[in-house]
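Following: one structure in structure tokens, then a few remarks.
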Amino acid sequence: MPHTASSKKRIAVIPGDGIGKEVIPEAVKVLEAVTAAAGKEVALTEFDWGADRYLRDGVTLPGDAVEVFHRDFDAILLGAMGDPRVPSNVHAADILLGLRFKLDLYVNQRPCILFDKRFTPLRDRNEKDVNFVVLRENTEGLYVGIGGFFKKGTVDEIATQEDLNTRKGVERIIRYAFELARKRGLKRVCMSDKSNALAFGHDLWQRVFKLVRAEYPEIEASHQYIDNLLMQMVRDPSQFEVIVTSNLFGDIASDLGAQLAGGLGLAPSGNIHPAQVSLFEPVHGSAPNIAGKKIANPMGAILTVGMMLDYLGWTAESKAVDTAVRAALREGKVSAELGGALGTREVGDWITNEISKDGVAHA
Ligand code: NAD
Ligand code: IPM
Ligand code: MN
């Protein structure tokens, strides 16, 4: 049971490709340090899924993976999937999107929180201005893979890609947004779609939003079209607390939000089905352009561990991770992405030591 705060937690670890293999060891080091400091137990099991494995023996997501995760694990920690040697991206689709769909992880929760104003590219903005969460629908939309080619490779070629929106799927992510706002004492939920152009699928989003918002009268519910939303995120991010949107729009908005909060390498995320085994991963990808150079920022992966701990009910441990990352940013113990000189391992070591030194403060 993921939410039993006291029991030993069983974590599946999938480093994946590229810098996933560099940042996940740092995140695991932090996970081990924070749980040891708190006298908590974790059992880690590593899975070698990714491009290397796929190129070696054709395995992407093994057939029993979903059953095994449901039965034997409380959470999954993943690095990144994507490799230039696999241009079709088939392994990423099978493993990452496959797990999102098959484990029904309908919430992709991507906080955009500026920890230190020095790191936002926005002029005259500070920590108070960039503090929101993007909730991305994670099991449908344009990601379902419905479509195909006709007359492929000819001048008459037709390619289709369906945007699937279900009443159940739209309702549960919108409801999650309002519930999260209520739980956190937040006042504002903004739903974003493109219903002015996508007159069927996003009309459904409009109608469901109206129904659900009526159940949360204490929360100010607003709507912005996605093009306006992205502009508003840059113009005045302080207007947002909770943003809820569809799969593709959430993918795009969360990279922008990550940069407003300091950088893609700092951004954590959770692929969540409340009270079921859920998957946590940094927002960034495998970054082939810097893979192997040992300069990737591991903070996104480390903050992802923080999100995972919170999800598992280990709140004090989650806060300790957050506090240690904030300290590293304050002290300039950062990698090249943030203008620092430290490598991936050095940043991980510094944060690990900070946690071991300070321990975990229980409320
Ligand atoms: P990317 O996120 O890998 O990289 C985008 C840019 O951000 C690059 O310049 C990269 O160097 C930089 N960057 C990313 N993470 C960083 C970090 N931790 N520290 C410092 N700099 C960092 O996106 P991309 O280049 O569009 O995609 C590369 C591959 O990753 C593709 O195969 C893509 O499909 C895949 N991808 C996977 C995931 C995932 O597994 N969740 C997410 C995004 C992209
Ligand atoms: C992400 C990534 C994935 C997505 C890719 C790798 C399929 O960009 O997790 O944000 O689009 O969801
Ligand atoms: Mn993305």
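Quick notes on this structure:
- On the stretch given as region 280-295, residues that are away from ligand 3 (no atom under 16 Å from the Cβ) and on the phi < 0 side of the Ramachandran plot total 4.
- Exactly one residue out of L309, L279, L266 is touching a Leu at 6+ places or on another chain (Cβ under 6 Å), modelled with pLDDT of 95 or more and of a type in the set (A, V, I, L, M, F, W, C): that is L279.
- For A361, the conditions (1) at pLDDT 95 or above; (2) small (G, A, S); (3) surrounded by fewer than 17 Cβ atoms within 10 Å (Cβ to Cβ) all hold with the exception of (1).
- Test: residue in region 116-130 that is within 14 Å of ligand 1 (Cβ to nearest atom) and either in contact (Cβ under 8 Å) with a residue 40 or more places away in the chain or among the polar types (S, T, N, Q) (or both): yes
- Tally, over region 60-93, of residues that are among the acidic types (D, E), more than 23 Å from A27 (Cβ to Cβ) and within 15 Å of ligand 1 (Cβ to nearest atom): 0
- Total residues in region 170-182, condition within 20 Å of F132 (Cα to Cα) and surrounded by fewer than 19 Cβ atoms within 10 Å (Cβ to Cβ): 4
- In the set (1) more than 12 Å from ligand 1 (Cβ to nearest atom); (2) basic (K, R); (3) within 23 Å of the chain's Cα centre (by Cα), the condition left unmet by R110 is number (1).
- Taking region 183-287 as the region of interest, the strands (runs of 3 or more DSSP E) fully inside it that hold 1 or more residues being open to solvent by 60 Å² or more (accessible area, probe 1.4 Å) and touching a residue at least 24 places away in the same chain (Cβ under 8 Å) are 188-193, 220-225.
- Any hit, region 52-60, residues being surrounded by 21 or more Cβ atoms within 10 Å (Cβ to Cβ), at pLDDT 95 or above, of a type in the set (A, V, I, L, M) and not in a strand (DSSP E or B): no
- Residue within region 129-138 that is over 14 Å from V244 (Cβ atoms), among the polar types (S, T, N, Q) and not in a strand (DSSP E or B) present: no
The values are calculated or read from the model by the stated rules, or taken from the named source; none is laboratory data. Note that the structure is a prediction, hence the values are computed from the model and not measured. With ideal geometry, Cβ positions are generated from the backbone for all residues, glycine too; neighbour counts draw on all protein chains shown. To get the accessible areas, we keep the full protein, side chains included, count just its heavy atoms, and leave off ligands, DNA and RNA. Shrake-Rupley method; radii C 1.70, N 1.55, O 1.52, S 1.80 Å.
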